[in-house]
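The structure appears right after this line, and notes come after that.
The values are calculated or read from the model by the stated rules, or taken from the named source; none is laboratory data. Model, not experiment: these values are computed from the prediction. Because the Cβ atoms are built from the backbone with ideal geometry, glycine has one as well, and the counts that use them run over all protein chains shown. The protein model used for the area step is the full one, side chains on, heavy atoms only, and it has no ligands, DNA or RNA in it. Shrake-Rupley method; radii C 1.70, N 1.55, O 1.52, S 1.80 Å.
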Amino acid sequence: MATPPNSSHASSQRWSSRWLFVLAAAGSAVGLGNIWKFPYIAGENGGGAFVLIYLVCIAAVGIPIMVSEVLMGRKGRSSPIHTMRKLAKVSSRSERWSILGWMGVLAGFLILSYYAVIAGWAVSYIWASGSGAFDGASAQAVGAHFDAFLASPIELIGYQTGFMILTIWIVGRGVTKGLETAIRWLMPLLFLLLIALLVYSFNSGGFGQGFAFMFDMKWEAVTADSWLIAMGQAFFTLSLGMGTMMAYGAYVPDDANLGTTVVTIAGLDTLIALAAGLAIFPIVFANGLEIAQGPGLTFVTLPLAFGQMPLGDLFGALFFLLLSFAAITSAISLTEPALAYLVEEYNAKRQRVAISLGIICWALGLGTVFSFNIWSDITFVGGLTFFDTVDYFSQNILLPLGGMLITFFAIWMLPKGLVDQQLGIDSPKLSLGWRLVAGIIAPLGVLAVFLSTTWPLLSGLWQ
Ligand code: TRP
């Protein structure tokens, strides 16, 4: 015997129950994407009509890819890199397929480096809102607050560091003590906060308008682009393409039914995205403000709206607490592929690996911090700042490529019986149907999004 098995190896760790896996995966999926992006793109692209299209994309693209990831993770029972190696071996394919695991590790690093910076903004806004900094403030004042905050590297680094330390502390404690404990507390609190905000927004006076913005069937606003946007969102919001779900899948008990489990996760994620929209837009409309998306909506429009409303300080603080919780449960999942790999490969202590990873990620995140102030003039390919470049490369290139290759591998490279057995499929018709959706429709859907988002930049490069 060489080294004794390390108890923190993926192969020996399990979620305590199927439900904890559901919550952990939903925690990864529910993030900034649900709260600052989904409601806006739904409103802009046809409201209820877009919601229907989005559900089709979740079912035809998101769920098949997630099932493939979790299934491969559970079969491999190790970090994505080792899982890919093992699965390639049992299917007599080239071990080069493990490159997929490496791409995931890289994507996780890059995404976490800036996710921590932006999550830090949310944390800082808990205090700012709670202390009444936006009480009755004008649009200019709220905008100026945000600009001044972004212009201060020290403040940004302070919050980024705090968020990173918390993330590393949680993941360093391991799957049951760290991840599960955090998730057991944070997910129920996240649901409660969302319900509190929904009740508040229901009474804001703008509920009808907000509801109509998100749910009226505006088929005339649906374009070909809407389909691409829905597909891209379905993919991103479920945290697919980088092995996160594969890493979490490695801890799924053998007897859990993968189909229903994944459908539950996707359902929770969608429910929270819809609820976020219903909580946010009425508050914006009640104050006659322009709707927006991304940082503008979250850090300017919303604080402005809360500042005008009774109990706005309290509910503003609760909103940013919600956003911080959503971000931390996503952040811990971003570290898992790399962490599990290093622990396995070097038989290292999880805590030590977590700290080293955290330091590297933190250092990389400084680039993002500086993109908003001292380096704002430094741009790379396509005029993108450091932050935009990292964001673009990970989200628009690494994740879609990873997602396409993962389903392709799951359906066309793995022995056919293995997938059917993992999914509990026993009818040939169902098996064929699954191969059609997961092996053809899902990868083609991601390919369409990939080409449509990268083409403008690539064609710009050649001119
Ligand atoms: N799903 C997250 C969100 O909606 C973002 C995300 C994308 C992510 N890929 C990920 C989170 C991988 C964790 C791991 O904001």
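Here are some notes:
- The set of residues in region 328-355 that are within 16 Å of the ligand (Cβ to nearest atom) and without any contact (Cβ under 8 Å) to a residue 40 or more places away in the chain is empty.
- Pairs where the first residue, in region 71-90, is of a type in the set (D, E, K, R) and the second is open to solvent by 10 Å² or more (accessible area, probe 1.4 Å), C-beta under 6 Å, 6+ apart: ARG77/SER11; ARG85/GLU95; ARG85/SER98
- Odd one out for VAL263, checked against (1) under 20 Å from ALA25 (Cα atoms); (2) assigned to a helix (DSSP H, G or I); (3) open to solvent by less than 50 Å² (accessible area, probe 1.4 Å); (4) more than 16 Å from the ligand (Cβ to nearest atom): (3)
- The residues of region 235-260 that are more than 14 Å from the ligand (Cβ to nearest atom) and among the β-branched types (Val, Ile, Thr), listed by number, are VAL252, THR260.
- Subset tally (residues that are touching a helix residue (DSSP H, G or I) at 6+ places or on another chain (Cβ under 6 Å), among the hydrophobic types (A, V, I, L, M, F, W, C) and more than 30 Å from TYR248 (Cα to Cα)) for region 298-333: 7
- Here region 12-23 is the region considered, the condition is being part of a helix (DSSP H, G or I) and touching a residue at least 40 places away in the same chain (Cβ under 8 Å), and the residue that is surrounded by the fewest Cβ atoms within 10 Å (Cβ to Cβ) is ARG18.
- Filtered residues of region 220-237 (kept if within 10 Å of ILE53 (Cβ to Cβ) and either over 14 Å from the mean Cα position of the chain (by Cα) or hydroxyl-bearing (Ser, Thr, Tyr) (or both)): VAL222, SER226, TRP227, ILE229, ALA230, MET231
- Taken over region 441-463, the residue count meeting the criterion of being within 24 Å of LEU414 (Cα to Cα), touching a residue at least 12 places away in the same chain (Cβ under 8 Å) and over 21 Å from the mean Cα position of the chain (by Cα) is 1.
Residues are listed down the side, and each one gets a yes or a no for (1) open to solvent by 10 Å² or more (accessible area, probe 1.4 Å); (2) away from the ligand (no atom under 11 Å from the Cβ); (3) out of contact with any Phe, Trp or Tyr (no Cβ under 9 Å at 6 or more places or on another chain):
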site: ALA88; (1), (2), (3): no, yes, no
site: ARG93; (1), (2), (3): yes, yes, no
site: ALA107; (1), (2), (3): no, no, no
site: VAL123; (1), (2), (3): yes, yes, no
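- Among all residues of region 198-216, there is none that is open to solvent by less than 40 Å² (accessible area, probe 1.4 Å) and of a type in the set (Val, Ile, Thr).
- Failed item in (1) part of a loop (DSSP other than H, G, I, E, B); (2) of a type outside the set (D, E, K, R); (3) farther than 18 Å from TYR54 by Cα, with ILE195 passing the rest: (1)
- Failed item, numbered, when SER239 is tested on (1) in a helix (DSSP H, G or I); (2) open to solvent by 10 Å² or more (accessible area, probe 1.4 Å); (3) among the small types (Gly, Ala, Ser): (1)
- GLY367 being within 28 Å of SER78 (Cβ to Cβ) and surrounded by 17 or more Cβ atoms within 10 Å (Cβ to Cβ): no
- Being among the aliphatic types (A, V, I, L, M), free of Cβ contacts under 8 Å to residues at least 24 places away in the same chain and in a loop (DSSP other than H, G, I, E, B) holds for only one residue in ILE359, ILE374, ILE378, and it is ILE378.
- Among the residues making up region 266-296, those that are farther than 20 Å from ALA26 by Cα, within 21 Å of the chain's Cα centre (by Cα) and surrounded by fewer than 18 Cβ atoms within 10 Å (Cβ to Cβ) are ALA292, GLN293, GLY294, PRO295, GLY296.
- When region 406-463 is filtered for residues that are of a type in the set (S, T, N, Q) and over 19 Å from VAL90 (Cα atoms), the ones remaining, listed by number, are SER427, SER431, SER452, THR453, THR454, SER459, GLN463.
- Matching option when the condition is within 16 Å of the ligand (Cβ to nearest atom), at negative phi and part of a helix (DSSP H, G or I), among ALA182, ALA212: ALA182
- Checking each residue in region 24-42 for being away from the ligand (no atom under 12 Å from the Cβ) and surrounded by fewer than 23 Cβ atoms within 10 Å (Cβ to Cβ) picks out TYR40, ILE41.
- Selected residue (criterion: farthest from the ligand (Cβ to nearest atom)) from residues of region 312-327 that are touching a Ser or Thr at 6+ places or on another chain (Cβ under 7 Å) and open to solvent by 10 Å² or more (accessible area, probe 1.4 Å): ASP313
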